[in-house]
1. Give the stretch 224-240 a look and list any residue that's in a helix (DSSP H, G or I) and open to solvent by less than 70 Å² (accessible area, probe 1.4 Å), or say none.
2. Quick check on the stretch 181-220: of everything there that is within 26 Å of the chain's Cα centre (by Cα) and among the basic types (K, R), which residue is farthest from T319 (Cα to Cα)?
3. Within the stretch 441-459, track down each residue that is in contact with a strand residue (DSSP E or B) (Cβ under 9 Å, 6 or more places away or on another chain) and over 17 Å from T355 (Cα atoms).
4. For S385, which of the numbered conditions (1) polar (S, T, N, Q); (2) buried (at least 23 other Cβ atoms within 10 Å of the Cβ); (3) away from the ligand (no atom under 16 Å from the Cβ) fails to hold?
5. Do any strands (runs of 3 or more DSSP E) lying entirely in the stretch 139-223 carry at least 1 residues that are away from the ligand (no atom under 16 Å from the Cβ), and which ones are they?
6. State whether the residues of the stretch 310-318 include one that is without any contact (Cβ under 8 Å) to a residue 24 or more places away in the chain, farther than 30 Å from A143 by Cα and outside the structural domain of E87 (by TED's automatic domain parsing).
7. Restricting to the stretch 76-99, count the residues that are within 17 Å of R246 (Cα to Cα) and within 14 Å of the ligand (Cβ to nearest atom).
8. Looking at A356 and the list (1) in the same structural domain as V280 (by TED's automatic domain parsing); (2) more than 14 Å from the ligand (Cβ to nearest atom), which single condition is not satisfied?
Amino acid sequence: MTSSSSAPRADRRDFPIAIIGAGFAGIGTAIQLKKAGIDSFTIFERAGEIGGTWRDNTYPGAACDVPSHVYSFSFEPKPDWSRTFAESWEIQEYLLGVVEKWKLREHMLLDTEIVEARFDEEEGAWTLTTGSGDTFRARVVVAGAGGLVDPSFPDIKGIESFAGEMIHTARWDHDYDLTGRRVAVIGTGASAVQVVPSIAPQVETLAVFQRTPAWVVPKPDHIYSEEEKERLRRQPWRLWLSRTLRYWGSELFGPLVFLDAPRLSRLGERMSMRHLHQQVKDPELRRKLTPDFQFGCKRILISDDYWRSFERDNVELVTEPIEEIVREGIRTRDGALHEFDAIVMATGFSLNIATAPFPVTGRDGRTLDEVWSGGAVAYKGMTVSGFPNWFILMGPNTGPGHTSVLVYTEAQIQYALQAIREIMREDLRWVDVKQEVQDAYNAGIQGRMKHMVWSSGCSSWYLSADGENHSLYPGFAAEYILRARRFKPSEYEIAR
Ligand code: N01
């Protein structure tokens with residue numbers, strides 16, 4: 001950093017690299033840079049601790065709905081996960097352990113938010129400005145700021161007038177005790193299916209406000225015994241096999257989840273309906289919980305205890321639309337007032353994939369938000385024409401609907417690493433993806449979208465206001481990995 005005295009050693013080197021964000025993406029990049037012998041990087045993290053999603057989402061029941069043997073770094077396998085679908089705290093512990101092991105803290109500036117980035121073509125460097133006004137010069141930026149970060153509060157009339165406790169799932173208030181309280185949960189997405197069954201036994205009453213029911217499938221969870229963990233520790237091939245089988249298993253079933261193929265979707269719908277029948281006895285309740293959109297159009301949820309929660313005497317499903325939030329609670333459109341001590345917002349996140357994380361100014365003074373005003377687009381989800389030496393992780397059209405996001409992230413890290421090596425080896429000033437290369441790639445991606453189930457007519461956070469999908473990758477993870485496996489200088493404009 002040119003002005004801060006607390007800068008780590010990275011800025012004394014002649015090839016400073018900035019990593020933005022200390023979640024899975026940023027930590028994975030740092031490890032791979034270290035492995036490649038490149039030490040001149042700094043990780044900027046706006047929060048006071050590493051972990052991203054797994055630091056922020058600590059609501060009761062928070063867990064990953066992807067098995068941990070694949071939802072972990074392939075290069076940092078962990079044989080002793082306590083269960084198939086690890087809880088949030090265990091994933092956070094894993095990340096903390098990895099950070100210690102690779103001594104990444106000495107590269108890290110916590111509580112340091114980047115608020116602006118500006119590229120200098122002559123110098124071939126980015127100037128990053130922090131919230132406190134310090135500046136940092138980086139030859140390359142790897143942006144791993146995350147896609148689902150900032151909690152989204154719904155635009156409900158009177159939301160500020162509620163006199164009780166309002167908690168968002170992604171910013172859980174652990175000091176507030178829900179025991180014996182009258183609680184509402186708004187939302188029925190991936191966070192809600194975890195928090196509802198976890199708090200239901202503790203609260204006096206729980207009302208779940210559902211706008212759209214979701215397809216829910218069984219969760220094949222399993223607690224690993226000490227013997228199993230020991231076997232995985234002693235015989236690493238077992239862990240590798242478990243990861244490999246889970247990865248290819250999700251690829252095999254991928255089309256059921258992402259293709260707009262009604263016959264395939266019906267298989268999923270039947271499985272989910274069977275699950276619903278096993279969990280809920282009341283036919284009227286089942287009707288209310290049954291989605292009317294195609295399987296996979298919105299994110300498929302995995303739970304063995306969400307639907308079952310509605311069988312409890314203290315849990316109610318409210319399908320009447322919310323009219324307004326008032327001092328005492330929630331008024332529904334039929335005029336009924338539902339009184340609560342606390343409202344839990346399980347209403348998701350602003351989609352940070354689709355916008356620049358902060359003002360980013362590239363060549364010719366153009367900003368990323370201007371360039372993305374018609375929708376976020378990046379070559380292979382990573383590089384944007386006009387923004388040289390800037391690599392995005394978990395960027396546009398790289399989210400999976402069917403498998404671990406980390407397999408995509410690892411491919412992106414390798415791509416960025418190849419580019420960094422090329423820039424260093426050839427002493428390049430900058431590399432900037434050619435506009436025509438990016439356009440052709442994006443045309444292919446958007447062309448395939450019409451065959452994807454996400455475009456089959458439901459509304460979801462996957463889609464932008466104009467109905468385009470700039471979030472998910474329309475295909476198999478293996479195909480994305482193949483496409484991202486090589487950084488090709490010929491696809492880039494190069495300045496020496
Ligand atoms: O949020 P969501 P989430 N009135 O946006 C409802 C990841 N994740 O936090 O469907 C009433 O999915 C909204 O209703 P509708 C995962 O990628 C991963 O649950 O729009 N309701 C919906 O039901 C996931 O997709 C894990 O009609 C309102 C809910 O709020 C993403 O995070 C775990 C409303 C929001 O659902 C987001 O999941 C958890 C209103 N005004 C999350 N506004 C893993 O296990 C919104 N809703 C990896």
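The values are calculated or read from the model by the stated rules, or taken from the named source; none is laboratory data. It should be emphasised that the depicted structure is a prediction, and the values quoted were computed from it without experimental measurement. Don't worry about glycine lacking a Cβ; one is built from the backbone with ideal geometry, like all the others, and counts go over all protein chains shown. For accessibility, only protein heavy atoms count, side chains too; no ligands or nucleic acids. Shrake-Rupley method; radii C 1.70, N 1.55, O 1.52, S 1.80 Å.
1. E228, K229, E230, L232, L239
2. Once the filter is applied, the top-ranked residue is K219.
3. Selection gives Y441, I445, Q446, M449, H451, M452, V453, W454, S455.
4. (2)
5. Hits in the stretch 139-223: 140-143, 165-168, 182-186, 205-209.
6. yes
7. 4
8. (1)
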